Amino acid sequence: MSLPNLVRFDWAMKRLLRHKSNFVVLEGFLSSLLEEKITIRNILESEGNKEDITDKFNRVDLLAEDSKGELIIIEVQNNRELDYFLRMLYGVSKAVTEYISEGDLYEKIRKIYSVNIVYFDLGQGTDYVYHGRTEFRGIHNHDVLKLSEKQSELFICRNAGDLFPEYYVLRVNEFDRKAVTPLDEWIVFLKTGEIGNDTQAPGLAEARERLKFSSLDKRERAAYLRNIEDLRVQRSVMDTARIEGLEEGRKEGLAEGRAKGRLEGRAEGRAEGKAESRLEIARKMKSLGMTTELIVAATGMTTDEIENL
């Protein structure tokens, strides 16, 4: 196995980017995504921050607090999850309740950004970055509900929806174009693990230096290589299960098709037998000089069919 130049971003979030000296990397990434300067004050501990790979089956969480006291959740998911949108909702709801004390006023609830980096086709769409936010719009006049002047002063925002969580979904594998923005350059790194020497995206130059595999000590190297092997095994298990499921489905489909064919064959045979029997009866009745009307009534055949016998 060839050794990587840079460690994966999800593993770095667990082991390297939590150190204050490396905040510049996360700040660069978040600034590129949110299109405003982000300064990280703290990396917070949450019940969702699990390091054991079995805790969340390779779902990595990082919870940061910026200089404005807002919370930013960064999650990476490598394996397909049909309910991942609901897990995004759960993660935000958990953060809301974890960081408000019993008895605090509701104004203490913090704004939360949920950043989700996914390596599978989540949902259906043609873009590689999606942004979701709450908007209160009138059903009759179609105006956006704004905050009052006092509320705007208190919360330092304008619209009622600005108080609610915002979601970002980065569908990394969908990126297949030339990088033209700082965010594009970050997505190239997330997808390929490579950073160009001429990058202009904030944080990437620092990431190229601080996420070098060769800079890890012996213990960290071993931990990283175990993580990569775990990912490989998990992906192999899931791919095997998918292939076996397809093969089992194919066999069941063939068996069902054969059974259906036998049933249809018997039904066709019975139908052909009945048709031949009607013909024979009609011929005998006609040879005996019986009327066409009587033969039609007895066999269900048409007048033309009887006349052509």
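The values are calculated or read from the model by the stated rules, or taken from the named source; none is laboratory data. Keep in mind that this is a model prediction, so the values were computed, not measured. Ideal geometry is used to build each Cβ from the backbone, glycine not excepted, and the neighbour counts take in all protein chains shown. We work out accessible area using only protein heavy atoms, side chains counted, and drop any ligands, DNA or RNA first. Shrake-Rupley method; radii C 1.70, N 1.55, O 1.52, S 1.80 Å.
Let me make sure I get this right: for the range 156-246, a, b and c are the square roots of the gyration tensor eigenvalues over alpha carbons, sorted descending. Under 1.5 in a/c it's rounded, otherwise prolate if a/b > b/c, else oblate. Which is it?
Cα axes put the range 156-246 in the oblate bin.
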Past the 19 Å Cα-Cα mark, which pairs from LYS20/LYS212; LYS191/LYS212; LYS20/LYS68; LYS14/LYS37; LYS178/LYS212; LYS37/LYS68? LYS14/LYS37; LYS178/LYS212
Shape call for the range 80-184 from the C-alpha gyration tensor, a ≥ b ≥ c root eigenvalues: rounded (a/c under 1.5), prolate (a/b greater than b/c) or oblate? prolate
What is the range 95-149 by shape, rounded, prolate or oblate, if you read a ≥ b ≥ c off the alpha carbon gyration tensor as root eigenvalues and call it rounded for a/c under 1.5, prolate for a/b larger than b/c, and oblate otherwise? oblate
Virtual spin-label span in nm between CYS157 and LYS68, 7 Å along Cα→Cβ: 0.8
About its Cα centre, what dipole magnitude does the range 46-199 give when the only charges are +1 on Lys and Arg Cβ and -1 on Asp and Glu Cβ, stated in debye to the nearest 20? 360
If you average the alpha carbon positions of the range 119-183 and of the range 190-236, how far apart do those two centres end up, in angstrom? 30
Over the Cα atoms of the range 98-251 the radius of gyration and the largest Cα-Cα distance (Dmax), both in Å, equal 22.2, 67
Roughly speaking, to the nearest percent, how much of the range 91-192's 1.4 Å accessible area is carbon and sulfur? 51
